[in-house]
Amino acid sequence: MSPSDRPAILGGSPICDVTAWPRWPQWDATERDGLIAALETGAWWASDGAAAQSFADDFARFQGAGYALPFTNGTHTMEAALAACDVGEGDEVIVPGLTFVATASAVLAANAVPVLVDIDPDALTIDIAAVDAAITARTRAVIAVHLAGNACDLDALVALCARRDLRLIEDCAHAHGTFWRGRGAGSYGDFGSFSMQQSKLLTAGEGGVLMANDPELMERAWSYWNCGRVRGRHWYDHPGYGSNLRMTEWQGAVLAAQLARFPAQNRRRNANARALDERLVQIPGLAPQRRDPRMDSQGHFCFVFHYDDREFAGLSLRGFEAALAAEGIPLGVSYPSLSTLGMFRDGVYGARLRTSAPDLTTVSLPRSEHAARSTVWMEHRVLLADGDAVGRVADAAERIRSHAAALVRA
Ligand SMILES: *Cc1c(COP(=O)(O)O)cnc(C)c1O
């Protein structure tokens, strides 16, 4: 092998300068001015200020939902949604196996049973037939996750939930800017739940937004979000049960600035991701996440592609990732399948379900477990680079493939 062609992990020079990619998060004077303005109003919490609520309203308008509330984070949003849907002890909520733990832990926080179902192996989103098969007399809701921003089949989910009288909550923590048939993710279900944690596509370090179209449901979420208060009643009258899940004005100020920048970033990520798809499909052993043509735009929380080691001389996923990282590509890593987490495997979840705990310790989700072992997750900031840079991701993968046998021996 010529020195110029040698994979970086074997001593060649990297295809990309890892320090040259766009950074995340991004900010400029708009965030700084917004923070100082929030400081100088002296109204630092949501009950006095307007920044957090007006950000939530603007973001809901962008996604196409009627009502929104600004939250502490994208776990509490789901807890409030479940409370508003009256999900509680003994109820079942169907969730996909491949997701961040919060999708299931929010269900446990409601003392309800998360029923783990498998995913579509190509799209990596919840398998609708598996949802259908998992419905029992105790099922109250489905939480669908648009994994890596890839929209679930929202037409099928909305129809199934309507037919079986179930609530649909969209976990949109990866899907800011995902659009399905002209309307945003989070506007199809009873609730759309978004996270503004540091790694997400709109961020204030922490934060969340819950959106809905039904004002009565949203009013119930409002009460849960605001200590069980009911609008119009005395401030210290708490007719309901709730918690304090309110976003601060600091977060609202930063997020307003992030949102102004977002549409252009979303377009750029989509253009780069679709160009990268075209390169990756030409490399044997690599395949992008399958995308439904009804999805107009994917809010890429990350760029995920399938890796088949049989086309790479048996080079393990971890070996491929290490070689790609050495070429200067910023990577993340798949979540493990929920079925393999200690919380389920070791029965820890049972503490939340004292009277009704079913045995979830032996749940097996072959497709979620396989996906966790065979997908590559690239950070979304790569998709903010110029087109040439993104093409180098494919160049790096090609270089690794042509030296895969040497990498296996190394
Ligand atoms: C980040 C994330 C959440 C929770 O968000 P936090 O704001 O960190 O609580 C929920 N679901 C998914 C799929 C996520 O990636």
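List, please: which pairs have Cβ atoms under 8 Å, are six or more places apart or on different chains, and start with a residue in the range 29-42 that is under 10 Å from Ala253 (Cα atoms) and assigned to a helix (DSSP H, G or I) and end with one that is at pLDDT 95 or above and of a type in the set (Lys, Arg)? These pairs meet every condition: Thr30/Arg261.
A single member of Asp86, Asp120 is away from the ligand (no atom under 12 Å from the Cβ), within 26 Å of Gly182 (Cβ to Cβ) and surrounded by fewer than 24 Cβ atoms within 10 Å (Cβ to Cβ), and it is Asp120.
Exactly one residue among Tyr349, Tyr307 is within 30 Å of Leu202 (Cα to Cα) and touching a residue at least 40 places away in the same chain (Cβ under 8 Å), and that residue is Tyr307.
Is it the case that the range 249-262 has a residue that's among the aromatic types (Phe, Trp, Tyr), open to solvent by 30 Å² or more (accessible area, probe 1.4 Å), in a helix (DSSP H, G or I) and touching a residue at least 40 places away in the same chain (Cβ under 8 Å)? Checked the range 249-262: at least one residue is among the aromatic types (Phe, Trp, Tyr), open to solvent by 30 Å² or more (accessible area, probe 1.4 Å), in a helix (DSSP H, G or I) and touching a residue at least 40 places away in the same chain (Cβ under 8 Å). Reported count of residues in the range 146-176, each being of a type in the set (Gly, Ala, Ser), within 16 Å of the ligand (Cβ to nearest atom) and in contact with a helix residue (DSSP H, G or I) (Cβ under 8 Å, 6 or more places away or on another chain), is 2.
Would you check if Asp91 is free of Cβ contacts under 8 Å to residues at least 24 places away in the same chain and touching a strand residue (DSSP E or B) at 6+ places or on another chain (Cβ under 8 Å)? Before the answer, list the steps.
Details: free of Cβ contacts under 8 Å to residues at least 24 places away in the same chain: no; touching a strand residue (DSSP E or B) at 6+ places or on another chain (Cβ under 8 Å): yes.
Spelling it out, it is not the case that Asp91 is free of Cβ contacts under 8 Å to residues at least 24 places away in the same chain and touching a strand residue (DSSP E or B) at 6+ places or on another chain (Cβ under 8 Å).
Looking only at the range 193-231, count every residue that is in a loop (DSSP other than H, G, I, E, B), more than 16 Å from the ligand (Cβ to nearest atom) and open to solvent by less than 10 Å² (accessible area, probe 1.4 Å) and tell me the total.
Here is the first cut: in the range 193-231, the residues in a loop (DSSP other than H, G, I, E, B) are 196-207, 213-214, 227-231.
From what is left, the residues that are more than 16 Å from the ligand (Cβ to nearest atom) are 213-214, 227-231.
Adding the requirement that they be open to solvent by less than 10 Å² (accessible area, probe 1.4 Å) leaves 228.
Residues meeting the conditions: 1.
Please determine, by comparing only the residues of the range 25-53 that are in contact with a strand residue (DSSP E or B) (Cβ under 8 Å, 6 or more places away or on another chain) and open to solvent by 50 Å² or more (accessible area, probe 1.4 Å), which one is farthest from Leu202 (Cα to Cα).
Pass one, the range 25-53, residues in contact with a strand residue (DSSP E or B) (Cβ under 8 Å, 6 or more places away or on another chain): 44-47, 52-53.
Now narrow it down to the ones that are open to solvent by 50 Å² or more (accessible area, probe 1.4 Å): 44-45, 47, 53.
On the way: Trp44: 21, Trp45: 20, Ser47: 23, Gln53: 15 Å.
Only one residue fits best here, namely Ser47.
Would you please name the residue that is farthest from Gly11 (Cα to Cα), looking only at residues in the range 325-354 that are assigned to a helix (DSSP H, G or I) and among the β-branched types (Val, Ile, Thr)?
Going residue by residue through the range 325-354, those that are assigned to a helix (DSSP H, G or I) are 325-326, 338-340, 342-345, 348-352.
Imposing the further condition that a residue be among the β-branched types (Val, Ile, Thr) reduces the set to 340, 348.
Values: Thr340: 36, Val348: 46 Å.
This residue is Val348.
The values are calculated or read from the model by the stated rules, or taken from the named source; none is laboratory data. Model, not experiment: these values are computed from the prediction. Don't worry about glycine lacking a Cβ; one is built from the backbone with ideal geometry, like all the others, and counts go over all protein chains shown. Note: accessible area is taken over every heavy atom of the protein model, side chains too, but ligands, DNA and RNA are not part of it. Shrake-Rupley method; radii C 1.70, N 1.55, O 1.52, S 1.80 Å.
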